[in-house]
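Following: one structure in structure tokens, then a few remarks.
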2 protein chains.
Amino acid sequence: MIVKKVYSIIQQKALDLIDKAGIVLTMEERGKIVVADFGLSNIYEEGIQILTLFETERIAGKLLILLPGQTEPEHWHPSVGNDPGKQEIIRALWGDLRFYVSGEDNMNAGFIPKGKEEFYSLRHEIIMSPGDQLIFDPGIKHWFQAGHEGALLYSFSTTVRDTMDRFTDPNIERITKIIED
Amino acid sequence: MIVKKVYSIIQQKALDLIDKAGIVLTMEERGKIVVADFGLSNIYEEGIQILTLFETERIAGKLLILLPGQTEPEHWHPSVGNDPGKQEIIRALWGDLRFYVSGEDNMNAGFIPKGKEEFYSLRHEIIMSPGDQLIFDPGIKHWFQAGHEGALLYSFSTTVRDTMDRFTDPNIERITKIIED
């Protein structure tokens with residue numbers, strides 16, 4: 001959960017990074033950034049800010065904003081039955097960004113959120129510069145993290161209904177509860 | 001057809017606009033901008049520059065660059081048999097951009113390329129500011145044009161194989177011939 005006042009502060013921090021990066025949004029878009037804490041209630045360590053640019057039944061585009069040192073928890077997009085599952089293309093846009101995928105442990109720039117070692121199984125680090133892209137087919141686990149500056153990235157994907165992302169951490173809930181105080 | 005030397009000049013003009021707009025690409029991407037003249041051999045009037053950012057069997061993203069006053073000819077993305085056809089999301093990124101769709105004739109900022117009236121049937125003008133988006137379902141005709149500054153826009157779409165865009169102008173060929181001199 002997030003206190004309402006903190007939620008607003010984080011939305012503003014995300015907008016500040018967007019402006020620092022020189023990314024132009026419409027006024028409507030500026031007002032609809034969503035803060036996701038994954039139900040973990042430690043938004044500055046684990047969480048992400050999301051602006052959905054477009055979303056149809058077939059295709060979606062999102063701008064993702066990570067505050068400095070913020071981590072998106074390890075997850076994957078499952079295939080279910082005849083549904084092939086979500087295919088996601090990541091494009092680094094601005095700032096310090098590192099992705100973690102399966103492969104040898106070469107972790108250097110990043111860190112595992114404190115006390116969460118068991119929920120971050122992947123330790124193969126990919127440093128992403130602006131314009132760098134990664135394609136995640138359904139079922140492929142990944143997590144990512146911003147460095148000191150924070151980071152902006154695009155997520156383009158096929159749109160999948162009736163399935164949900166899966167997370168390594170069983171404590172995760174996709175709904176962010178906002179409380180008054 | 002385009003003379004090889006002119007092709008290179010136009011690629012550079014597209015890069016100049018990308019730099020002016022502050023869009024960061026990788027070095028590899030900077031080297032692979034494609035110039036499309038639609039076989040019409042009047043690239044400065046009708047044509048477009050295309051950088052494919054990503055393309056899988058399910059989803060594609062392109063950066064489109066229009067030089068000042070350049071026009072993308074009227075076209076649509078057909079459905080064929082069981083193939084629902086390409087759904088395209090346009091997002092204006094930088095510069096002077098106008099789209100033409102079906103609706104009442106309110107054309108004001110733009111113009112029909114000289115002598116091509118019969119190949120541009122749509123005259124309903126939409127002025128696009130950075131961040132503005134349009135969604136084109138399969139079969140929906142459209143054309144677009146840059147103003148004095150030129151324009152940059154993103155095209156995100158489902159990827160469709162074995163079908164091709166259709167153009168109002170029957171003289172159009174999708175292959176741009178490059179000749180030595």
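Looking for something within 14 Å of chain A (Cβ to nearest Cβ) and surrounded by fewer than 19 Cβ atoms within 10 Å (Cβ to Cβ) - is there at least one such residue anywhere in the stretch B:34-51?
no
Test residue A:19 against the stated conditions and say whether it is in contact with a His (Cβ under 9 Å, 6 or more places away or on another chain), among the acidic types (Asp, Glu) and over 30 Å from residue B:137 (Cα atoms).
Numbers: in contact with a His (Cβ under 9 Å, 6 or more places away or on another chain): no; among the acidic types (Asp, Glu): yes; over 30 Å from residue B:137 (Cα atoms): yes.
Criteria not met by residue A:19.
Would you mind stating whether residue B:148 is surrounded by 13 or more Cβ atoms within 10 Å (Cβ to Cβ), modelled with pLDDT of 95 or more and not aliphatic (A, V, I, L, M)?
On the way: surrounded by 13 or more Cβ atoms within 10 Å (Cβ to Cβ): no; modelled with pLDDT of 95 or more: yes; not aliphatic (A, V, I, L, M): yes.
So residue B:148 fails the test.
Going through the stretch A:156-181 one residue at a time, which ones are buried (at least 18 other Cβ atoms within 10 Å of the Cβ) and more than 18 Å from residue A:38 (Cα to Cα)?
A:156, A:157, A:158, A:160 - these are the residues of the stretch A:156-181 that are buried (at least 18 other Cβ atoms within 10 Å of the Cβ) and more than 18 Å from residue A:38 (Cα to Cα).
Among the candidates B:175, B:90, B:127, single out the residue that is over 15 Å from the mean Cα position of the chain (by Cα) and either at negative phi or at pLDDT below 95 (or both).
B:127
How many residues does the stretch B:48-85 hold that are without any contact (Cβ under 8 Å) to a residue 60 or more places away in the chain and within 22 Å of residue B:177 (Cα to Cα)?
Residues that pass the stated criteria total 5.
Step by step: first the residues of the stretch B:21-33, then only those that are surrounded by 15 or more Cβ atoms within 10 Å (Cβ to Cβ) and free of Cβ contacts under 8 Å to residues at least 60 places away in the same chain, then the one that is farthest from residue B:150 (Cα to Cα). Which residue is that?
Of the residues in the stretch B:21-33, the ones surrounded by 15 or more Cβ atoms within 10 Å (Cβ to Cβ) are B:21, B:23-26, B:29-30, B:33.
Among the residues that remain, those that are also free of Cβ contacts under 8 Å to residues at least 60 places away in the same chain are: B:24-26, B:29-30, B:33.
Values: B:24: 18, B:25: 18, B:26: 22, B:29: 20, B:30: 18, B:33: 16 Å.
Among them, the one singled out is B:26.
Do we have residue B:113 as closer than 30 Å to residue A:84 by Cα, away from chain A (no Cβ under 14 Å) and either assigned to a loop (DSSP other than H, G, I, E, B) or among the hydroxyl-bearing types (Ser, Thr, Tyr) (or both) here?
Here the answer is no, as residue B:113 does not meet what is asked.
Going by the structure shown, is residue A:138 closer than 19 Å to residue B:55 by Cα and in contact with a Gly (Cβ under 8 Å, 6 or more places away or on another chain)?
yes
Do you know which of the residues in the stretch B:69-101 that are within 14 Å of chain A (Cβ to nearest Cβ) and touching a helix residue (DSSP H, G or I) at 6+ places or on another chain (Cβ under 8 Å) is surrounded by the fewest Cβ atoms within 10 Å (Cβ to Cβ)?
Top of the filtered list is B:94.
Take the residues in the stretch B:116-127 that are within 27 Å of residue B:79 (Cβ to Cβ) and in contact with a strand residue (DSSP E or B) (Cβ under 7 Å, 6 or more places away or on another chain); name whichever of them is nearest to the other protein chains (Cβ to nearest Cβ).
Of all residues in the stretch B:116-127, those within 27 Å of residue B:79 (Cβ to Cβ) come to B:116, B:118-126.
Checking the rest, the ones that are also in contact with a strand residue (DSSP E or B) (Cβ under 7 Å, 6 or more places away or on another chain) come to B:119-126.
On the way: B:119: 29, B:120: 27, B:121: 26, B:122: 22, B:123: 25, B:124: 21, B:125: 19, B:126: 14 Å.
Among those residues, the one meeting the criterion is B:126.
Is the stretch A:160-169 home to any residue that is closer than 30 Å to residue B:91 by Cβ, at pLDDT below 95 and within 14 Å of chain B (Cβ to nearest Cβ)?
The answer is yes, given that some residue of the stretch A:160-169 is closer than 30 Å to residue B:91 by Cβ, at pLDDT below 95 and within 14 Å of chain B (Cβ to nearest Cβ).
For the stretch A:128-159, which positions are within 14 Å of chain B (Cβ to nearest Cβ), of a type outside the set (Ser, Thr, Tyr), more than 30 Å from residue B:30 (Cβ to Cβ) and touching a strand residue (DSSP E or B) at 6+ places or on another chain (Cβ under 6 Å)? Quick ask: steps written out before the conclusion?
Our first condition is that a residue be within 14 Å of chain B (Cβ to nearest Cβ); within the stretch A:128-159, this holds for A:128-138, A:140, A:151-159.
Remaining after also requiring of a type outside the set (Ser, Thr, Tyr): A:128, A:130-138, A:140, A:151-153, A:156.
After this cut, where a residue has to be more than 30 Å from residue B:30 (Cβ to Cβ) as well, the list is A:138.
Scanning the stretch A:128-159 gives no hits.
The values are calculated or read from the model by the stated rules, or taken from the named source; none is laboratory data. All figures in this text were calculated on a predicted structure; none of them were measured in a lab. Because the Cβ atoms are built from the backbone with ideal geometry, glycine has one as well, and the counts that use them run over all protein chains shown.
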